[in-house]
Amino acid sequence: MTEIVSHFLLFIDNFFDTFPEYSKDHLYISGESFAGTFIPYMASSILKRNHERKTPDYRKYNLKGIAIGNGWIDPVSQYNAYYTFSVEKGLLDGEDKDTAEKQLKKCMKEQKKKPTIHLDICEQILQTILKHSIQKVGENETCINQYDIRDHSDSYPSCGSKWPYELSDITQYLRRADVIGAIHAENQQLGWVECNHGVGRGFDNDNSPPSVTLLPALLKQINVLLYSGDQDLICNTNGTNDMLENLEWNGHKGFQNLTTLPYFVNHTKAGYILSERNLTYVVVYNSSHMVPYDKPVVSMDMMYRFMGLNHHLVSKWPSSIGFENSDDDISTDTSFNEKIDKYYNAGTFTLVIVILAIVGLGAIIWRNRSRRRNRNASQAMKAAVESQMGEMDELVIESPLFQSDDVDHFGDSDPEDDNHGSTSNASRNKIRERNQGSRYQDSEDNDREERMRLRSSDDR
């Protein structure tokens, strides 16, 4: 990770040298998947340099928060979750289940010696699961998509490597000579590829501690958003739930508030939220390894809330936390809101995204000229959550992050939740009851409509 951090700091220094007008503005770093390993290290390096001030020309950047989606943050939890998630979802049984269980025991034994980012013996668990999913279709073999368990159309042993299916079009586009020239990538001799396996293998030998070890210190200084699509296998919600249950930050272990709140976007129950002590966790229903790919509007709203923007002004879709029609505005600075509204309608509201990681890592820089809004951005989302607490008697849910014998329910009047049952007091029964996306199925037409509306907005 030392080399990665060094390159990132060089990039960000050069970026702000080129665009000095952004150097004092709020900075958020976001990404998905293996970026869950990179981002905490990058954020820690920025905060450390801000604090040390070793040289007269040191750079201090206004880092406010990090956001990680379906992240590879805690390998111990995620390797264990390969097995538990697959058994719960009916993806693993019989002899292969026994094989995976034996592999898991060996994996946990090795991880106890010294937790590392990657262990070959632990990766065997996933391979057993994928092999178990093979189905014969004529002369071909198909398998489950490890990034979206709803998809069983990929050929074995790809099992999701060709996903998303627009990837071939993206590859052709990024290999065009005019595009290469426009992004100043002429020094790249080979054509663009989604994943460089040579680079990936280099990380296999990285003995750096898992990035979960950095989260407690980060949470003392900045806000952290973790979000998870509930249909992902490779970095699934079980793993994130286990990690949060065992994580100690800001004086307590795990979430102390047992209430989760439903999250509505565009009149649809999009997921649920837990928020406490600078950490916000969002589970997004019917979403894969890449939540923004499946739910662009939900992702946009979620990020606006996390950064403290007034989502009602910058988004054309209604959203709320707690009740579908609740009013949970998170900004009262009208001058700033007017600016954002003008920027949005003029098509000039900009997010700068830099792809740095295997699946994608973005450094999101947004301009906040009004110092009256210089407040804790995560508290904005937390405030929206807390504003509903007193009215949630019918909607209180015992978080499966904790052991509970209580009945888990949203209320008898909600037909979407008829299948919610009581939770056992085994530690395995965590938030997964709410991760069964079929109970909150959005129509495919609605997803396509979201993308069409976004494209229409971009055209304007």
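The values are calculated or read from the model by the stated rules, or taken from the named source; none is laboratory data. Fair warning: this is a prediction, and the values are worked out from it, not measured in the lab. Counting neighbours? That spans all protein chains shown, and the Cβs are built from the backbone with ideal geometry, glycine included.
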Open item on the list: Can you pull out every residue in segment 188-229 that is among the charged types (D, E, K, R) and either closer than 28 Å to residue 163 by Cα or in a helix (DSSP H, G or I) (or both)?
Closed with: 194, 201, 204, 206
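Mind checking which residues of segment 252-311 are in a loop (DSSP other than H, G, I, E, B), at positive phi and either at pLDDT 95 or above or in contact with an Asp or Glu (Cβ under 7 Å, 6 or more places away or on another chain) (or both)? Please lay out each step first, then the result.
To start, the set of residues in segment 252-311 that are in a loop (DSSP other than H, G, I, E, B) comprises 254-258, 260, 266-267, 277-278, 285-290, 295, 307-310.
Narrowing further to those that are at positive phi: 254, 266-267, 277-278, 286, 308.
Result: 254, 267, 277, 278, 286.
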Open item on the list: Against the definition (among the hydroxyl-bearing types (Ser, Thr, Tyr), modelled with pLDDT of 95 or more and under 26 Å from residue 287 (Cα atoms)), how does residue 165 come out, yes or no?
Closed with: no
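Would a scan of segment 33-47 turn up a residue that is touching a Pro at 6+ places or on another chain (Cβ under 8 Å) and farther than 24 Å from residue 309 by Cα? Talk me through it step by step, then tell me what you get.
Taking segment 33-47 as the starting set, the residues that turn out to be touching a Pro at 6+ places or on another chain (Cβ under 8 Å) are 37.
Narrowing further to those that are farther than 24 Å from residue 309 by Cα: 37.
Checking segment 33-47: at least one residue is touching a Pro at 6+ places or on another chain (Cβ under 8 Å) and farther than 24 Å from residue 309 by Cα.
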TODO: Could you give me the residue pairs with C-beta distances under 6 Å whose first residue belongs to segment 125-153 and is in contact (Cβ under 8 Å) with a residue 60 or more places away in the chain, whose second residue is in a helix (DSSP H, G or I) wherever it lies, and which are 6+ apart or on separate chains?
DONE: 126/82; 129/86
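Can you tell me how many residues within segment 223-249 are in contact with a Pro (Cβ under 8 Å, 6 or more places away or on another chain) and of a type outside the set (D, E, K, R)? Even if it seems obvious, please write down each step before you answer.
Residues of segment 223-249 in contact with a Pro (Cβ under 8 Å, 6 or more places away or on another chain): 241, 247-249.
Those left that are additionally of a type outside the set (D, E, K, R): 241, 247, 249.
Matching residues across segment 223-249 total 3.
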Task: First in segment 205-219 and in contact (Cβ under 8 Å) with a residue 24 or more places away in the chain, second anywhere and in a helix (DSSP H, G or I) and small (Gly, Ala, Ser), Cβ under 6 Å, 6 or more apart - done: 214/44; 218/43
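For (1) of a type in the set (Asp, Glu); (2) exposed (fewer than 14 other Cβ atoms within 10 Å of the Cβ), each residue gets a yes or a no:
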{"residue": "179", "(1), (2)": "no, yes"}
{"residue": "194", "(1), (2)": "yes, no"}
{"residue": "212", "(1), (2)": "no, no"}
{"residue": "215", "(1), (2)": "no, no"}
{"residue": "223", "(1), (2)": "no, no"}
{"residue": "238", "(1), (2)": "no, no"}
Task: Options 80, 70; residue that is in contact with a helix residue (DSSP H, G or I) (Cβ under 8 Å, 6 or more places away or on another chain), at positive phi and not small (Gly, Ala, Ser) - done: 70
